[in-house]
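See structure below.
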Amino acid sequence: MRFDPKKSFGYPVLRKDSSDYVNADISTSIELLETQDSSHVYEIEYHVMIGVRDIKDAIRSRDLSLVLSFFCPKTLYSASFVTQDLTGRMPIDMRNIKGDLFIEVEVVVNSNTFNLRSDRFNPEFSELSDSCVLKRGDLVAQGWPEKLFIEREVFQSVISLFQWAPDDEMSDGVWKLLAKNESIQIVANQNQIRHLTSAQLTKDGRAVLLNSIILPAIIQLISTVIADEFDESALWFKVLEQKLQATGDTINANSDPIALAQKLLKFPLAALNETLFIES
Amino acid sequence: MPIRFLKSETIAQLLSHVDDDKDLYIKGSFSSYGLDSPMSSFESLGAVNIQELATLLLPSADNFFEPENSEIVFGAFRDITRYQAADSRMWAYYSLMYGLPFVRKRYPAKFQISNSVEDLTEAVDMHFLKPNNSRNLIRNNILARLWWNARVVNDIDPRTAPEMLRALLINTDHRAQFMERPTQFSTNAFQAGLMYSLKKYKENNKHNYFDAPRSSKGAAQTATHYNYRATAAFLNRLGGTVNLNLLKPTEIMDLISKNEESFYARVAA
């Protein structure tokens, strides 16, 4: 159901930024967790905090249920879980998901009829005399909609986003960065690309590539985000954003692109310390 | 045979060379074009049955064989994941390699030698290559469209899938009402709406339920009989206040029945 805190249902619905209830709130948190058992089955961990005792009591008594709904527009995948637990985990098969996964958290009437009551109703609902009768499926509370971005690349390294792209008009020793929607292209002539792909095959070569190509490219991309000169729908942006979220970082006007890029790439200089800089 | 994906660069090059390749699109084949080379494409886990794909029925003016061909494409790509099926690069490869005869018959006006390069490029983009747009992929790519038709009816119940495919594809507007409103129909409403269509189809495969004239005032309001557009509008309204994922599809079908009854009660009054 679309989230609109201004929408009137004719009775109080507990929502963030809505005044249907006074001194009461609902908040949710959703996290995607890896599992030990399988490379493609992950778990979604959810927490729902509800600040209205009558609603929590009615969930416990099964008059109300928590319904978590998932939908992925790219794969037409949808699933829903009906539960009485305000905290829990549920498995999700990542082979069903590509791109955005929308998650809705709603508290809904489970019994055939339900007498909604609370002393937290906004006085605007005084004609309800602190209660009203709802039917099965009616909405009682709605969390802020959540969205996860899921591409294989998000679970692989940032480096997997990079592709070599040939341009024979370029001279040996020269490369340029081309940020596409689906990939980050390093453009060079065929001869140069042969050297670069050979370098990928050795540990020393990978350390050099990481510091000479990948690191400056990531610094440049972060700088375009800081300058607000990028496309928010680009895969590379979503991957960087989600990777940074995992480390508790965000890109904002005060971000240091050099520091963030090093963190994203797990400090590339360390790769040189372990290879070319080792003192024999 | 592992499944194969065209590289993004290959798709970009194909789109920029439609003029040079015009004859291949209109009357030739891409079998010797080198699309199998590692420079142009890559393989991934999964399997495709090329022999089954080769049994696609060629459309004629009065029959596109869309239900039959949906089953064929779904059978040929039975083991791929939704993640893979949402990747336009895979469909681009198989559409070009195996879909040319089909698309020429399905959209004959778009693949004429007299067409401009711009028009042909647009058609190639739309029906073969369309990158990065999931809605257009599911709607317009010749093979992806067929696979997704079969995917959604198999999600509901593989036992009823063949007949539900025929109900879903009874006309393009009926399909669009259910498949091209992904957010609205991301709930059990999608399942219930199609099950209701199947019920009508089984009663009569020429049921007037599938005759839904459009009008600027809204077909549901002006139609003289209850039809799928009225169902779609009802589910849309209902989903604005009721969580349709809590209700079972059969419960939602009961509500659709009541809505139909009240429609005829209003008409009779």
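A search for C-beta distances below 6 Å between a residue of segment B:236-262 that is free of Cβ contacts under 8 Å to residues at least 40 places away in the same chain and any residue that is in a helix (DSSP H, G or I), counting only pairs 6+ apart in sequence or on different chains, returns B:Asn259/B:Phe234. Within segment A:213-264, if we keep just the residues that are among the β-branched types (Val, Ile, Thr) and in contact (Cβ under 8 Å) with a residue 60 or more places away in the chain, the residue that is nearest to A:Val174 (Cα to Cα) turns out to be A:Ile218.
Scanning segment B:250-269 for residues that are away from chain A (no Cβ under 11 Å) and surrounded by 21 or more Cβ atoms within 10 Å (Cβ to Cβ) yields a single hit, B:Ile256. Count of segment A:1-35 residues, restricted to those that are within 14 Å of chain B (Cβ to nearest Cβ) and without any contact (Cβ under 8 Å) to a residue 60 or more places away in the chain, is 6. Residue pairs whose Cβ atoms lie under 6 Å apart, separated by 6 or more positions or on different chains, with the first residue in segment A:40-66 and under 19 Å from B:Leu246 (Cβ atoms) and the second part of a helix (DSSP H, G or I), are A:Ile50/A:Lys56; A:Leu64/A:Ala58. Scanning segment A:209-259 for residues that are of a type in the set (A, V, I, L, M), under 21 Å from the mean Cα position of the chain (by Cα) and closer than 28 Å to A:His195 by Cα turns up A:Ile218, A:Leu221, A:Ile222, A:Leu235, A:Val239, A:Leu240.
Tell me, please, whether a residue that is surrounded by 23 or more Cβ atoms within 10 Å (Cβ to Cβ), within 14 Å of chain A (Cβ to nearest Cβ) and modelled with pLDDT of 95 or more can be found in segment B:178-185. Among the residues of segment B:178-185, not one is surrounded by 23 or more Cβ atoms within 10 Å (Cβ to Cβ), within 14 Å of chain A (Cβ to nearest Cβ) and modelled with pLDDT of 95 or more, which makes the answer no.
Among the residues of segment B:131-139, is there at least one that is assigned by TED's automatic domain parsing to the domain that holds B:Phe64, more than 25 Å from B:Asp173 (Cβ to Cβ) and either modelled with pLDDT under 95 or among the acidic types (Asp, Glu) (or both)? Taking every residue of segment B:131-139 in turn, at least one turns out to be assigned by TED's automatic domain parsing to the domain that holds B:Phe64, more than 25 Å from B:Asp173 (Cβ to Cβ) and either modelled with pLDDT under 95 or among the acidic types (Asp, Glu) (or both).
For segment B:28-38, filtered to residues that are over 25 Å from the mean Cα position of the chain (by Cα) and surrounded by 12 or more Cβ atoms within 10 Å (Cβ to Cβ), the residue that is farthest from the other protein chains (Cβ to nearest Cβ) is B:Gly28. Taken over segment B:1-26, the residue count meeting the criterion of being surrounded by 12 or more Cβ atoms within 10 Å (Cβ to Cβ), closer than 16 Å to B:Tyr98 by Cβ and of a type outside the set (Val, Ile, Thr) is 6.
Checked against (1) touching a residue at least 60 places away in the same chain (Cβ under 8 Å); (2) within 12 Å of chain A (Cβ to nearest Cβ); (3) touching a Pro at 6+ places or on another chain (Cβ under 7 Å), B:Leu165 passes all but a single condition, namely (2).
Residues in segment B:141-154 that are more than 14 Å from chain A (Cβ to nearest Cβ) and either outside any helix (DSSP H, G or I) or in contact with a His (Cβ under 6 Å, 6 or more places away or on another chain) (or both): B:Ile142 only.
Within segment B:155-177, how many residues turn out to be assigned to a helix (DSSP H, G or I) and either under 12 Å from the mean Cα position of the chain (by Cα) or at pLDDT below 95 (or both)?
So the answer is 10.
In segment A:127-144 there is at least one residue matching the filter, namely being out of contact with any helix residue (DSSP H, G or I) (no Cβ under 8 Å at 6 or more places or on another chain), more than 14 Å from every other protein chain (Cβ to nearest Cβ) and among the small types (Gly, Ala, Ser). Is it the case that A:Ile97 is within 14 Å of chain B (Cβ to nearest Cβ) and surrounded by 15 or more Cβ atoms within 10 Å (Cβ to Cβ)? So A:Ile97 fits the description; yes. Taking the stated definitions as given, is B:Asn115 buried (at least 17 other Cβ atoms within 10 Å of the Cβ), over 24 Å from B:Ser32 (Cβ atoms) and free of Cβ contacts under 8 Å to residues at least 60 places away in the same chain? No: the conditions fail for B:Asn115.
The values are calculated or read from the model by the stated rules, or taken from the named source; none is laboratory data. Bear in mind the structure is a predicted one, so any value in this text is a computation, not a measurement. Note that each Cβ is placed from the backbone with ideal geometry, even for glycine, and that neighbours are counted across all protein chains shown.
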